[in-house]
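The values are calculated or read from the model by the stated rules, or taken from the named source; none is laboratory data. Model, not experiment: these values are computed from the prediction. Note that we place each Cβ from the backbone using ideal geometry, even for glycine, and neighbour counts take in every protein chain shown.
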Amino acid sequence: MTLLAILACALLTLTVGFFLAAPLFAPPTSVSFALETEKLELATRRAAVYATLQELEFDRTSGKLTEEDYGELKERYTTEAVELLRRLDELSRSSGPPRRA
């Protein structure tokens, strides 16, 4: 290879590397970062509530919970799930169209 070809490859490699690495070193925008963090926390809590509702159903079926306790707990967790879904929907609408992966 000639010296010019080696320099051209090195320059191209450094340029591509810079563009690939730049987002890793850029500070996140505070609003976008906070919004994405809140969405992630809400989605995590939603998954936990769904798992709890499934566990409540299993516990009722297996006789570990009385119907009264089951009804009370199911109402509490269903209400929380609805609130989480509403908040996630609000955040999704306020952040604009969803990004494609």
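Among all residue pairs at least 6 apart or on different chains, which show Cβ distances below 7 Å where the first residue, located in region 41-59, is more than 15 Å from Leu91 (Cα to Cα) and free of Cβ contacts under 8 Å to residues at least 12 places away in the same chain and the second is surrounded by 13 or more Cβ atoms within 10 Å (Cβ to Cβ) and not charged (D, E, K, R)?
Correct list of pairs: Asp59/Leu65.
Could you please tell me which pairs satisfy a Cβ distance under 9 Å, a separation of 6+ or placement on different chains, a first residue in region 15-27 that is without any contact (Cβ under 8 Å) to a residue 24 or more places away in the chain, and a second residue that is part of a helix (DSSP H, G or I) and small (Gly, Ala, Ser)?
Qualifying pairs under 9 Å: none.
Could you please find all residues in region 60-78 being surrounded by fewer than 16 Cβ atoms within 10 Å (Cβ to Cβ) and either in a helix (DSSP H, G or I) or in contact with a strand residue (DSSP E or B) (Cβ under 6 Å, 6 or more places away or on another chain) (or both)?
Once the filter is applied, which keeps residues that are surrounded by fewer than 16 Cβ atoms within 10 Å (Cβ to Cβ) and either in a helix (DSSP H, G or I) or in contact with a strand residue (DSSP E or B) (Cβ under 6 Å, 6 or more places away or on another chain) (or both), region 60-78 yields Thr61, Ser62, Glu67, Glu68, Asp69, Gly71, Glu72, Glu75, Arg76, Thr78.
Of the conditions (1) in a loop (DSSP other than H, G, I, E, B); (2) of a type outside the set (A, V, I, L, M); (3) closer than 20 Å to Glu83 by Cα, Arg45 clears all except one; give me its number.
Of everything listed in (1) in a loop (DSSP other than H, G, I, E, B); (2) of a type outside the set (A, V, I, L, M); (3) closer than 20 Å to Glu83 by Cα, Arg45 misses just condition (1).
For Leu40, state whether it is loosely packed, with under 10 Cβ neighbours inside 10 Å, modelled with pLDDT under 95 and either polar (S, T, N, Q) or under 23 Å from the mean Cα position of the chain (by Cα) (or both).
no
If the requirement is being of a type outside the set (D, E, K, R) and surrounded by 15 or more Cβ atoms within 10 Å (Cβ to Cβ), which of these qualifies: Ala81, Ala51, Ala47?
Checking each option against the conditions leaves just Ala81.
Among all residue pairs at least 6 apart or on different chains, which show Cβ distances below 8 Å where the first residue, located in region 65-81, is under 19 Å from Ala47 (Cα atoms) and the second is aromatic (Phe, Trp, Tyr) and buried (at least 16 other Cβ atoms within 10 Å of the Cβ)?
Pairs that qualify, where the first residue is under 19 Å from Ala47 (Cα atoms) and the partner is aromatic (Phe, Trp, Tyr) and buried (at least 16 other Cβ atoms within 10 Å of the Cβ): there are none.
Please indicate, with yes or no, whether at least one residue in region 1-24 is assigned to a helix (DSSP H, G or I) and either closer than 20 Å to Val82 by Cβ or touching a helix residue (DSSP H, G or I) at 6+ places or on another chain (Cβ under 6 Å) (or both).
Within region 1-24, the subset assigned to a helix (DSSP H, G or I) is 3-24.
After this cut, where a residue has to be either closer than 20 Å to Val82 by Cβ or touching a helix residue (DSSP H, G or I) at 6+ places or on another chain (Cβ under 6 Å) (or both) as well, the list is none.
Checking region 1-24: not a single residue is assigned to a helix (DSSP H, G or I) and either closer than 20 Å to Val82 by Cβ or touching a helix residue (DSSP H, G or I) at 6+ places or on another chain (Cβ under 6 Å) (or both).
Residue by residue through region 50-101, note down the ones that are modelled with pLDDT of 95 or more, acidic (Asp, Glu) and closer than 30 Å to Phe33 by Cα.
Glu80, Glu83
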